[in-house]
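A.B. asks: A single structure is presented below for examination.
Read the figures in this text as sums done on the coordinates, not as results from a lab. Because the structure is predicted, anything quoted here is derived from the model rather than measured. Neighbour counts are summed over all protein chains in view; Cβ atoms, including those assigned to glycine, are modelled from backbone coordinates with ideal geometry.
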Amino acid sequence: MYNQEKNINVMVWAVVLLGVMLESNKVDATVWNVGDNGWTFDVQGWESGKNFIAGDTLVFNYKVGDHSVAIVNESNYKGCIVPEDAQIYSSGHDEFVLNKGVTYFVCGILGHCDAGMHIAPNAA
Ligand SMILES: *[C@@H]1O[C@H](CO)[C@@H](O)[C@H](O)[C@H]1NC(C)=O
Ligand SMILES: [Cu+2]
């Protein structure tokens, strides 16, 4: 009787331990607040050296009306061009979940991308 109880206890603990191990092995997605001072003019280069992974969320915080966020393609990014048909986000708190690869974010307000408001995070 005593031994049987002991065996059950060992089994219960083994299951609990396995659960803890599986949980800690999971890589949790990271939520990144973009920019050291939010989404603003000095944001350029903020993304460099950071290990983004697919599933991470980027949060763009800024004062409504001061800035906006647009996702563009590589060539438009390099030329700081926001195409006519680009979707512009302007809530002041825009969140994007990264897909694998590079995502090209620019400010949609004229002249701001040229002034440094662009990031191109590369998610593994
Ligand atoms: C990017 O989008 C523009 C239209 O805005 C298009 O002309 C260009 O071919 C695209 N470039 C790439 C690399 O997809
Ligand atoms: Cu801007």
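A.B. asks: Classify region 75-124 from the C-alpha gyration tensor, please: rounded if a/c falls under 1.5, else prolate or oblate depending on whether a/b exceeds b/c.
C.D. replies: oblate
A.B. asks: Within region 64-79, which residues have the backbone N less than 19 Å from the label spot 7 Å out from V102 along Cα→beta-carbon, could you tell me?
C.D. replies: Residues 70-79 fall inside that zone.
A.B. asks: Counting Lys and Arg as +1 and Asp and Glu as -1, what is the net charge of the other residues whose Cβ lies under 12 Å from the Cβ of V69?
C.D. replies: -3
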